[in-house]
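Quick notes on the structure that follows.
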Amino acid sequence: MAALPQNATLTFQTATGTGTDGFGNPVATTVSVELPAYLTADRRSRPSDMLMPGADLSVQILRGNILDKTTLPAGVGHLSKGRAVINGQAGDFELILPVQSPFAAVTAVLGVRIQGRFSPD
């Protein structure tokens with residue numbers, strides 16, 4: 001049982017191998033991986049590119065934890081892009097992995113620490 005409440009679901013596509021399309025061309029086969037998460041707005045740091053003229057101000061910087069996981073699944077890592085539903089709002093999510101706790105017990109209780117950019121639909 002996670003110590004934090006789930007308020008988000010992150011969905012990533014990960015490669016499982018290769019197959020062929022209808023024309024015999026090789027294509028990657030993927031599987032959808034859903035990760036429960038707890039995310040909150042990160043008001044402490046705002047990337048400088050977000051302050052530039054023309055920047056998309058709807059993008060939110062979030063931080064939190066992947067719940068019920070002590071490691072991320074294979075194929076999901078730093079700068080992975082996927083979809084997210086956060087507090088009922090759907091959008092695109094870009095995963096940013098900060099430095100993890102050196103204490104395994106912290107990760108076991110709180111889950112993998114993450115950050116990311118959320119662009120609502």
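As an exercise, use a Förster radius of 25 Å and the Cβ-Cβ distance of VAL109 and SER58 to find the FRET efficiency, rounded to the nearest 0.05.
On the way: r = 33 Å, r/R0 = 1.33.
Approximately 0.15, to the nearest 0.05.
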Notebook entry, point to check: Can you give the convex hull volume per residue for the Cα atoms of the chain, as a whole number of Å³?
Noted result: 145 Å³
Next item on the list: Along Cα→Cβ, 7 Å out, is where each label goes; now give me the distance between the ones at GLU94 and SER32 in nm to one decimal.
Entry: 2.4 nm
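Bear in mind these aren't lab numbers, they're just calculated from the coordinates by the rules spelled out. Since the model is a prediction, treat every value here as computed from it, not as a measurement. Cβ atoms come from the backbone with ideal geometry, glycine included; neighbour counts cover every protein chain shown.
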